[in-house]
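Structure first, then comments.
None of the figures in this text is laboratory data; all of them are computed from the coordinates on show. Small disclaimer: the values here were computed from a predicted structure and weren't measured. In this analysis, Cβ positions are derived from the backbone assuming ideal geometry, glycine residues included, and neighbour counts consider all displayed protein chains.
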Amino acid sequence: MIEIHPTAVVHPTATLGARVHIGPYAVVGEHVVLGEGTVLGPHAIIEPHTTLGRDCHVHGGAVVGGVPQDLKFSGERSSTVIGDRNVIRECVTINRATGEGETTRIGDDNLFMAYVHVAHNCVIGNGNVLANGVTLAGHVVIEDLVTIGGLSGVHQFTRVGALGMVGAMTRLVQDLPPYMLVEGHPPRVYGPNLVGLKRRGIEAEDRRIVKQAYKALYRSGLSISQALEEMAAWPDSAVRDQIVTFIRGSERGIVGKVVRTHASRTSEDAAGPTS
């Protein structure tokens, strides 16, 4: 039920589920857990204290759970936890967390194309697609059903909201609200991700609310606080609440706007684009 190529190296403390396949010259470190049906390609490396769920496929040359490229890291016990049905293509690197007991965490059904880098302490949800060469710095949060185009870079502590779309070669240094489409350097929000919303079966009324939110945030001339006040007066909606909650939780500001935080939040929010 478990296939291990004779040239592979598997630490005796590793736990392997049924139907696991480990290819030539792959390396599985100590205290690794590989879920049922997971496949490791040739020369794939799974570093210590990494958990992979069911039916994942790690292709050749990928390194999962490696020591973080973070000068603060001093050898403390941290981990990488990855869910089910993830596809990790050639030469992807995913680093474990910095900080005792901390975790780099990835959900289910994600596709990481070749040469993607996921740094320490990132949190990635479900159903995301990161195209070739995407680089996530430390502590980045990617929600669900996000698409990030090739060669894009995301600054540390930046968040990308659900069903957002980031165009290729974008430099993202502020949060992207849910359902929006951004591209460029400096980045610009071009509108709602309407194609993605339709493909995911989002109802027409919810798509209308997303379009209204985009206009309030980016086409009305309102500050962030004014736009949020306007949105609060709309009829109750889970989509509206998701967008508002995301923006209120922003520490870096949202793309094209600035959100004041903590003591300075009582002052007027800047309305112009930032670079």
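Based on DSSP H segments of at least four residues, each scored -39500 (n - 2.57), the chain has a per-residue ellipticity at 222 nm of -4500 deg cm²/dmol.
Short version: what are the Cα gyration tensor semi-axes of region 93-155, square root of 5 times each eigenvalue, largest first, in whole Å?
Equivalent-ellipsoid dimensions as semi-axes: 18, 13, 9 Å.
Our summary of shape: the Cα atoms of the chain have principal axis extents of 65, 41, 31 Å, ordered from largest down, in whole angstrom.
Considering only L163, T80, H120, and ranking their Cα positions along the charge dipole of the chain that arises from unit charges at the beta-carbon of Lys, Arg, Asp and Glu, the one farthest toward the positive end is L163.
Compared with the alpha-carbon gap, the fully stretched path from Y190 to L151 is longer by 12.1 nm at 0.36 nm per residue.
Positive end of the dipole of region 198-266 (Cβ unit charges, origin at the Cα centre): among G221, I209, G256, the Cα lying farthest that way belongs to G256. For region 89-98, 3J(HN,Hα) computed residue by residue from phi via the Karplus equation (6.51, -1.76, 1.60; θ = phi - 60°) reads 7, 4, 6, 5, 10, 10, 8, 6, 7, 8 Hz, glycine and proline entered as x. Under 8 Å for C-alpha pairs, at least 6 residues apart: give me the relative contact order for the chain, rounded to a whole percent. Normalised by residue count, the contact order of the chain is 8 percent.
Taking every alpha-carbon pair under 8 Å whose residues sit at least 6 apart, region 198-266 reaches a relative contact order of 23 percent. Placing +1 on the Cβ of every Lys and Arg and -1 on the Cβ of every Asp and Glu, with no other charges, gives region 3-142 a dipole of roughly 100 debye about its Cα centre.
For the chain, a crude dipole built from +1 on the beta carbon of Lys and Arg and -1 on the beta carbon of Asp and Glu, taken about the Cα centre, is about 740 debye to the nearest 20. Given their separation in residues at 0.36 nm each and the Cα-Cα distance between them, T7 and R199 gain 64.7 nm when the chain is fully extended. Around the amide H of V33, modelled in the peptide plane, lie the amide H atoms of T15, T50, T51, L52, all under 5 Å away and 5 or more residues distant in sequence or on another chain.
Quotient of the Cα radius of gyration of region 198-266 and 2.2 N^0.38 Å, N being its number of residues: 1.15.
The stretch between K215 and D241, if pulled fully straight at 0.36 nm per residue, gains 7.8 nm over its current Cα-Cα span.
Toward the positive end of the charge dipole of the chain, about the Cα centre and with charges on Cβ (Lys, Arg +1; Asp, Glu -1), which of I45, V146, Y25 goes farthest? Positive-end residue among those listed: V146. Once the gyration tensor of the Cα atoms in region 3-142 is diagonalised, the equivalent ellipsoid follows with semi-axes of 21, 17, 13 Å, ordered largest first.
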